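The values are calculated or read from the model by the stated rules, or taken from the named source; none is laboratory data. Since we're looking at a predicted model, the values are computed, not measured. Cβ: placed from backbone, ideal geometry, glycine included. Neighbour counts: every protein chain shown.
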Amino acid sequence: MMDASSHEQRKADHIRINLEEDVQFPHLSTGLERYRFVHVALPELNLEAIDTSATLLGKRLAAPLLISSMTGGTSQAAQINRRLAQAAQTCGIAMGLGSQRTGLEVATTEHTFRVRDVAPDILLLANLGAIQLNYGYTVEHCRRAVEMIEADALILHLNPLQEALQSDGNWNWVGLLQKIEQVCRELPVPVVVKEVGWGISGDLARRLVDAGVAAIDVAGAGGTSWSQVEMHRARTRKRRRLAAAFADWGIPTAEALVAVRRSVPEVPVIASGGIRTGIDVAKCLALGADAVGMASPFLKAAIVSTEAVVEEIEMLTAELRVAMFCAGAGSIDALRQPGRLIRVDGGKVWP
């Protein structure tokens with residue numbers, strides 16, 4: 001059982017550090033800069049008629065955007081989640097909640113995750129750390145997390161490096177895939193597996209989908225580095241040095257996306273990790289993503305207001321729409337047609 005006060009402090013630390021400190025990868029990039037669209041000077045399209053809609057896990061999205069899992073468990077997190085959810089409802093996009101472990105173990109924090117009352121129609125994803133299945137959690141815990149927020153699906157997140165860098169982390173990852181398979185088999189909603197920012201390889205994606213996982217969020221490297229976050233949280237010099245050594249660890253987002261899309265063509269793939277603009281979104285869609293997730297830009301907006309989050313979503317969608325227009329693509333499917341996106345070095349795009 002968790003220590004409620006220390007867990008709440010950790011969540012508060014995560015929000016503060018992400019807002020106040022430089023926690024980007026020092027050198028490693030998303031890899032998206034290696035791609036560019038071929039500009040179409042005569043697109044034969046009406047900008048206003050560009051169709052940015054998409055479907056993810058059976059739900060229609062006005063734009064293929066996901067507010068990635070961030071937070072919960074504190075009063076500040078409650079306000080952030082409600083603002084994010086209200087904005088997602090207004091704009092017709094998807095949202096994932098932060099890890100609900102504290103909601104399951106400390107009943108007084110459940111309300112910080114509940115947003116269905118302000119977002120009745122969105123694709124809403126519950127979230128637990130997959131590693132908790134090795135530390136006493138069962139399918140029943142997963143079911144309770146889904147029911148707590150009336151979710152459409154459950155994210156099980158993978159964060160081995162983050163756990164390894166914590167002095168009190170969960171270090172035993174033996175046999176976890178089999179337990180994920182059991183959850184996929186018995187849970188009544190789809191299971192999505194995501195990393196937290198160091199990427200998923202094609203080989204692992206294949207094993208996860210074979211185990212029953214319904215979608216993969218590659219959550220690649222190049223955005224927020226949680227080893228940097230843990231470095232700022234560390235209480236000893238030794239722990240800070242250990243975390244600093246892994247500042248540029250991971251599979252870049254573009255690399256992970258291409259590998260996973262090739263490996264599991266039959267399931268939805270979400271791209272996240274360092275996505276900052278609508279052009280980044282367009283590149284990910286052209287590389288085969290079904291939707292694109294972001295956290296940091298939305299967190300910074302949610303600290304301000306719901307309106308600021310709506311403005312961020314609208315700007316990203318506008319950038320995506322103009323990128324599609326100038327690439328000659330009237331729809332997401334058209335954006336994926338060969339030849340629209342090329343590699344700067346002249347190499348082959350996918351598949």
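List of remarks:
- Selected residue [over 19 Å from Asp13 (Cβ atoms), among the basic types (Lys, Arg), surrounded by fewer than 17 Cβ atoms within 10 Å (Cβ to Cβ) and touching a Gly at 6+ places or on another chain (Cβ under 8 Å)] from Arg206, Arg262: Arg262
- Among residues of the range 174-190, those that are under 13 Å from Ala153 (Cα atoms) and not in a helix (DSSP H, G or I), counted: 4
- The residues of the range 110-124 that are of a type in the set (Asp, Glu), touching a residue at least 12 places away in the same chain (Cβ under 8 Å) and either buried (at least 22 other Cβ atoms within 10 Å of the Cβ) or assigned to a loop (DSSP other than H, G, I, E, B) (or both) amount to a single one, Asp121.
- Test result for Val292, within 16 Å of Met95 (Cβ to Cβ) and either of a type in the set (Gly, Ala, Ser) or touching a helix residue (DSSP H, G or I) at 6+ places or on another chain (Cβ under 8 Å) (or both): yes
- In the range 228-241, the residues that are part of a helix (DSSP H, G or I) and touching a helix residue (DSSP H, G or I) at 6+ places or on another chain (Cβ under 6 Å): Val229, Glu230, Met231, His232, Arg233, Arg240
- Within the range 297-319, considering residues that are closer than 12 Å to Arg82 by Cα and β-branched (Val, Ile, Thr), the one surrounded by the most Cβ atoms within 10 Å (Cβ to Cβ): Val309
- Count of residues meeting criterion [within 13 Å of the chain's Cα centre (by Cα) and small (Gly, Ala, Ser)] in the range 257-299: 9
- You will find that of Gly278, Gly347, Gly274, the residue that is at positive phi and not aromatic (Phe, Trp, Tyr) is Gly274 and no other.
- Flag for Gln100 being surrounded by 14 or more Cβ atoms within 10 Å (Cβ to Cβ) and either farther than 24 Å from Val192 by Cβ or more than 21 Å from the chain's Cα centre (by Cα) (or both): no
- Residue within the range 125-134 that is under 24 Å from Ala301 (Cβ atoms), β-branched (Val, Ile, Thr), in a helix (DSSP H, G or I) and free of Cβ contacts under 8 Å to residues at least 60 places away in the same chain present: no
- Within the range 209-227, the set of residues being in a loop (DSSP other than H, G, I, E, B) and either surrounded by fewer than 21 Cβ atoms within 10 Å (Cβ to Cβ) or of a type in the set (Ser, Thr, Tyr) (or both) comprises Ala211, Gly212, Ala214, Ser225.
- Criterion applied to Ala256, Ala219, Ala243 was being among the hydrophobic types (A, V, I, L, M, F, W, C) and at pLDDT below 95, and the one residue passing it is Ala243.
- Answer residue from the range 174-203, given it is buried (at least 16 other Cβ atoms within 10 Å of the Cβ) and of a type in the set (Asp, Glu) and is farthest from the chain's Cα centre (by Cα) among those: Glu181
- Filter pass, Val281 being closer than 30 Å to Val139 by Cα, modelled with pLDDT of 95 or more, crowded, with 22+ Cβ neighbours inside 10 Å and not small (Gly, Ala, Ser): no
- Ala323 being in contact with a strand residue (DSSP E or B) (Cβ under 8 Å, 6 or more places away or on another chain), in a loop (DSSP other than H, G, I, E, B), among the small types (Gly, Ala, Ser) and closer than 21 Å to Thr30 by Cα: no
- Selected residue (criterion: farthest from Glu181 (Cα to Cα)) from residues of the range 138-164 that are without any contact (Cβ under 8 Å) to a residue 12 or more places away in the chain and not charged (D, E, K, R): Ala164
- Residues in the range 212-240 that are of a type in the set (S, T, N, Q) and more than 15 Å from Val196 (Cα to Cα): Thr236 alone.
- Counted residues, the range 265-294 - those being among the small types (Gly, Ala, Ser), out of contact with any Gly (no Cβ under 8 Å at 6 or more places or on another chain) and in contact (Cβ under 8 Å) with a residue 60 or more places away in the chain: 5
Yes/no matrix, rows are residues, columns are (1) in a helix (DSSP H, G or I); (2) under 16 Å from the mean Cα position of the chain (by Cα); (3) basic (Lys, Arg):
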site: His141; (1), (2), (3): yes, no, no
site: Leu156; (1), (2), (3): no, yes, no
site: Asp168; (1), (2), (3): no, no, no
site: Asn172; (1), (2), (3): no, no, no
site: Ala205; (1), (2), (3): yes, yes, no
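- If the condition is being small (Gly, Ala, Ser), closer than 24 Å to Glu255 by Cβ and part of a loop (DSSP other than H, G, I, E, B), then the range 28-79 contributes Ser29, Gly31, Ser68, Ser69.
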